[in-house]
Amino acid sequence: MRSHDRLRIAIQKSGRLSDPARDLLARAGLQFRESRDRLFCYGESLPIDLLLVRDDDIPGLIAEGVCDLGVVGQNVLEEQAAERLSQGLDAAFKVIKPLGFGRCRLSVAVPNEWDGADLSRLNGKRIATSYPNLLRQWIAEQKLDAEAVLLSGSVEIAPRLGKAEAICDLVSSGATLVANQLKEVAVILQSEAVLAGPAKPFGDERADLAAMLLRRLEGVLSLRASKLVLFQSRRALLPELMKLLPDAELPTVMSLEGRAEEVGVQVLCRSAMTWQRLEDMKRAGASNMLVLPVEQMLA
Ligand code: ATP
Ligand code: ZN
């Protein structure tokens, strides 16, 4: 039985989620001693250790209590929850916090030459996928009569190999689909990386460690969206301009050398600045706008 005064987080050993997961934990102040087998990394700054594994193993490791938390795609988590459900088991793990990276979607795609996007054309057809449980759920919801064919890799070439007529796979840019002469006809799931944990709360020291980690992650994530916005405007226009920045803190207003009517403004905005918002500000009289990322913050 492992001791419960340390928290153990599983992340992907190598793949799309490894670097962003490590980067996020590092920003939350976690430092690790790399071990030679690169499976287990001892936490040096806090009693929080890392387990480096295949992403597909993470939900099971949480369910078995081998690790306490994991960074994994919602796609993997929900597929395994659906699988457990089909076996009459409860999920045993849950999403604690979406992390804002690893965004993709699980989609059904068909050969380009199928005309239209009428889903009933999938009736009687085989759909190749690595996500059979989510696909079967979707087929049932859509009242289709299609067969999910399990393939572990290179799902996109299944139609050309004659193994299936359609596919259900992860898509981000869509370039892989285009390269394989496939087109997307339905999105089954929108996914991003999440912090996952057990369905039941920790009843020991791990609860405090997990709460602290979560607080720090929330800080890091909200900082990522925060922007420092600088602009100039006529002083009289400032109240109207601030109405366009409803999530902003109080602005610092500075005078501009030689321009009595005008001010330079510096303001922290808590959510993403969009081009649309900048254009609205321009129209309301702001000029020389700059949007800067925020590195660290201490109120
Ligand atoms: P492992 O060896 O750990 O099993 P893998 O091949 O299953 O690796 P990756 O290709 O690294 O995994 O993908 C990991 C996760 O990244 C996916 O489960 C998904 O959540 C996310 N992801 C984001 N965009 C994409 C994409 N375009 N294709 C595949 N996965 C993506
Ligand atoms: Zn995997």
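The values are calculated or read from the model by the stated rules, or taken from the named source; none is laboratory data. These numbers come from a predicted model, not from an experiment. Heads up, the Cβs are rebuilt from the backbone with ideal geometry, glycines too, and the neighbour counts pull from every protein chain shown. What goes into the accessible areas is simple: the full protein's heavy atoms, side chains included, and nothing from ligands, DNA or RNA. Shrake-Rupley method; radii C 1.70, N 1.55, O 1.52, S 1.80 Å.
Can you tell me how much longer the chain between residue 296 and residue 215 gets when fully stretched, taken as 0.36 nm per residue apart minus their C-alpha distance, in nm with one decimal? Walk me through the intermediate numbers first.
Working: separation 81, 0.36 × 81 = 29.16 nm, distance 1.50 nm.
Computed gain between residue 296 and residue 215 is 27.7 nm.
Can you give the FRET efficiency for residue 152 and residue 200, using 1/(1 + (r/R0)^6), R0 = 30 Å, r = Cβ-Cβ distance, to the nearest 0.05?
Between residue 152 and residue 200 the formula returns 0.45.
Given a 1.4 angstrom probe, I'd like the percentage of the accessible area of the chain that is carbon and sulfur, rounded to a whole number.
51
Using helices alone, what [θ] at 222 nm do you get for the chain, with -39,500 (n - 2.57) per DSSP H run of 4 or more residues, divided over all residues and rounded to the nearest 500?
-8000 deg cm²/dmol
If I take R0 = 25 Å and measure r between the Cβ atoms of residue 260 and residue 222 in this structure, what FRET efficiency does the formula 1/(1 + (r/R0)^6) give, to the nearest 0.05?
Efficiency, from the Cβ-Cβ distance: 0.10.
Mean projection of the alpha-carbon convex hull of the stretch 104-190 over all orientations, in nm²?
4.9
Label points 7 Å out from Cα along the Cβ direction at residue 163 and residue 19: separation in nm?
It works out to 2.9 nm between the two label points.
Enumerate the calculated ³J(HN,Hα) couplings along the stretch 252-258 in order (Karplus 6.51 cos²θ - 1.76 cosθ + 1.60, θ = phi - 60°), each rounded to whole Hz, writing x wherever the residue is Gly or Pro.
With coefficients 6.51, -1.76 and 1.60, one gets 8, 10, 10, 7, 9, 3, x Hz.
Work the Kirkwood hydrodynamic radius out for the stretch 170-299: mean of 1/r over every pair of different alpha-carbon atoms, inverted, in Å.
One over the average 1/r among Cα pairs gives 18.8 Å for the stretch 170-299.
Over the C-alpha atoms of the stretch 1-113, what are the Rg and the largest Cα-to-Cα span, Dmax, in Å?
15.7, 58
Give the lysines reachable from residue 243 as a straight Cα distance under 26 Å; neighbours fewer than 8 places away on the same chain don't count.
Partners found: 227, 282.
From the mean inverse distance of alpha carbon pairs (Kirkwood) and the Cα radius of gyration, derive Rg over Rh for the stretch 105-252.
Details: Rg = 23.8 Å, Rh = 19.7 Å.
Computed over Cα atoms, the ratio is 1.21.
Any idea how far the Cα center of the stretch 183-255 sits from the one of the stretch 157-178, in Å?
35
Which value, in Å to one decimal place, does the Kirkwood hydrodynamic radius take for the chain when every pair of different Cα atoms is included?
Mean inverse Cα-Cα distance, inverted, gives 22.6 Å.
With angles folded into 0 to 90 degrees, how steeply does helix 18-27 sit against the dominant principal axis of the chain? Use alpha carbons for both and round to 10.
Orientation of helix 18-27: about 40 degrees from the principal axis.
Using Cα atoms only, what is the angle between the long axis of helix 132-141 and the major principal axis of the chain, expressed in degrees (0 to 90) to the nearest 10?
Once rounded, the angle reads 80 degrees.
For residue 99, which sequence-distant residues (separation of 5 or more, or a different chain) have an amide H within less than 5 Å of its own amide H, given hydrogens modelled in the peptide plane?
193, 194, 195
Can you pick out the pairs among 97/200; 13/163; 13/97; 94/183 whose Cα atoms lie more than 23 Å from each other?
Numbers: 97/200 15 Å; 13/163 31 Å; 13/97 20 Å; 94/183 32 Å.
Checking Cα-Cα distances, 13/163; 94/183 exceed 23 Å.
When the label point is put 7 Å from the Cα of residue 33 along its Cα-to-beta-carbon vector, which residues of the stretch 1-18 have a backbone N closer than 12 Å?
None, by backbone N distance to the label point.
Report, largest value first, the span of the C-alpha coordinates of the stretch 227-293 along each principal axis, in whole Å.
On the principal axes, the stretch 227-293 reaches 33, 21, 18 Å in Cα extent.
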